[in-house]
1. Can you tell me how many residues in the stretch 36-59 are within 13 Å of Arg18 (Cα to Cα) and either assigned to a helix (DSSP H, G or I) or charged (D, E, K, R) (or both)?
2. Which one is nearest to the chain's Cα centre (by Cα) among residues in the stretch 248-284 that are closer than 23 Å to Leu198 by Cβ and among the acidic types (Asp, Glu)?
3. Can you tell me which residues in the stretch 212-235 are buried (at least 16 other Cβ atoms within 10 Å of the Cβ) and in a strand (DSSP E or B)?
4. What's the number of the condition Met265 fails, among (1) surrounded by 18 or more Cβ atoms within 10 Å (Cβ to Cβ); (2) more than 19 Å from Arg116 (Cα to Cα)?
5. Run down Leu199, Leu209, Leu256 and say which single residue is among the hydrophobic types (A, V, I, L, M, F, W, C), at pLDDT 95 or above and surrounded by 16 or more Cβ atoms within 10 Å (Cβ to Cβ).
6. So for the stretch 149-165 (the condition being assigned by TED's automatic domain parsing to the domain that holds Tyr118, among the small types (Gly, Ala, Ser), farther than 19 Å from Met265 by Cα and over 23 Å from the mean Cα position of the chain (by Cα)), does at least one residue qualify?
7. Please state which of the following conditions Ala193 fails to meet, knowing it meets all the rest: (1) out of contact with any Ser or Thr (no Cβ under 6 Å at 6 or more places or on another chain); (2) assigned to a helix (DSSP H, G or I); (3) modelled with pLDDT of 95 or more; (4) among the hydrophobic types (A, V, I, L, M, F, W, C).
8. Starting from residues that are free of Cβ contacts under 8 Å to residues at least 40 places away in the same chain and hydroxyl-bearing (Ser, Thr, Tyr), keep the ones in the stretch 194-231 and report whichever is nearest to Ala155 (Cα to Cα).
Amino acid sequence: MPKSPSSSAQAAREVVARRLRDLRKGAGLTVTELADRCGWHHAKTSRIENALTAPSTKDIRAWTTACGARDQEDDLVAQSLHAESMYTEWRHKIRSGLKQLQDSAAQFFHETQLFRVYSSSLVPGLLQSEGYAAGVLGISANFRELPVDDSAEAARARVDRSRVIHEPGHRFVLVVEEAALHYRVTDEEAMAAQLGYLLTVGALPQVSLGIIPSATRERSQWPRETFHVYDDKLVSVELVSAQVRITQPSEIALYLKAFEQLRSMAVYGADARALILRAIEALN
C-alpha cells in the first residue's frame, strides 16, 4: 500500500511501527539481527519501522516471536489491521463489482443518524436519481476498466440504499457547489430528471440542501474534495485512487469546521431552487 495521503491513516501506521521498533530495541536486537531471526532482508525491517511498508499478520507474528513478546502479538495484529483499513484502494473495494460496493454500505446508512455531505463536483449519492447514478457509475466503470460493467445494477442499488432518506430517525445536511449542477455526466433527459428530483427531495423536512453559488464573493473556503461525515464518528474522503476513512477526532473536527464554513456560504430554500431551475434551463 502506498503512503496514505491521510495523516490519520499514516499516523495509525506509525503507531504500529513505533511499537515494533520498541519491541526490537527492548529485546536488544539490531535491525540486522531481527531480520536474520525473521528470515528476511534487513531493509524490510527498516521499511516497517519507518512506516513505509505495512507489516502483514505473518510479519508481526515473526517479529514478536523474535523479540520474545508473543503476548503482544494479537493486539499488534488488530492495531495494524485497523490502520490499513483507513485507506482502501478502489481496485480492492470494487473487486466484486460496483453493485456490491453499494450494497455493502446499506446497513451502515441505516445506523447513521446525521449525514453531512459536501460535494464540489457531483450531486451527492444520497440525492441521485437512477439515470444520473448510472451515468456516474458508468464513467467509473469505464475509467477503472472493469471486466464486467454492472453500473446499471449498481445505480438501482444506490437508489435503493438512498431510501434511508425517507426513514424516520435520520437527518441530512448536504452542501453542493453550483458547478456540480451543470456537469453533464449523463444525457440531457437524465440530467433534467436529476435536477427535477433535487427540487423534490430538497423540500423534505429532514433534508437541508444548500448550494454555493459560483459567483459567491469572498469565499471563506475554496472548493474542497468531496467528503462525507457520518454522525461525529467517521469522515470518508473519495480520492481518484482510494477511499480514506478518517476516525481521528482532531481531523474530524477540522472537516466539521470546513463543512460549517462551506455551509455558511450556501443558499437555501427559494434561492437554492432558483439555481437548480437555472441549471435546468441551461440544458436547452
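1. Within the stretch 36-59, residues that are within 13 Å of Arg18 (Cα to Cα) and either assigned to a helix (DSSP H, G or I) or charged (D, E, K, R) (or both) number 5.
2. Glu260
3. Within the stretch 212-235, Ile212, Phe227, His228, Val229, Tyr230, Val235 qualify.
4. Looking at each condition in turn, Met265 falls short on (2).
5. Leu209
6. Going through the stretch 149-165, the residues assigned by TED's automatic domain parsing to the domain that holds Tyr118 turn out to be 149-165.
Next, only the ones that are among the small types (Gly, Ala, Ser) stay: 151-152, 154-155, 157, 162.
Among the residues that remain, those that are also farther than 19 Å from Met265 by Cα are: 151-152, 154-155, 157, 162.
Applying the additional criterion that residues be over 23 Å from the mean Cα position of the chain (by Cα) yields none.
Scanning the stretch 149-165, I find no residue that is assigned by TED's automatic domain parsing to the domain that holds Tyr118, among the small types (Gly, Ala, Ser), farther than 19 Å from Met265 by Cα and over 23 Å from the mean Cα position of the chain (by Cα), so the answer is no.
7. Failing condition for Ala193: (1).
8. Initial filter on the stretch 194-231 (free of Cβ contacts under 8 Å to residues at least 40 places away in the same chain): 200, 203-205, 214-215, 217-218, 222.
Then drop every residue that is not hydroxyl-bearing (Ser, Thr, Tyr), which leaves 200, 214.
On the way: Thr200: 19, Ser214: 28 Å.
Per the criteria, the residue is Thr200.
The values are calculated or read from the model by the stated rules, or taken from the named source; none is laboratory data. All values reported here derive from a predicted model rather than from experimental measurement. As a convention, Cβ positions derive from the backbone with ideal geometry for all residues, glycine included, and neighbour counts pool all protein chains shown.
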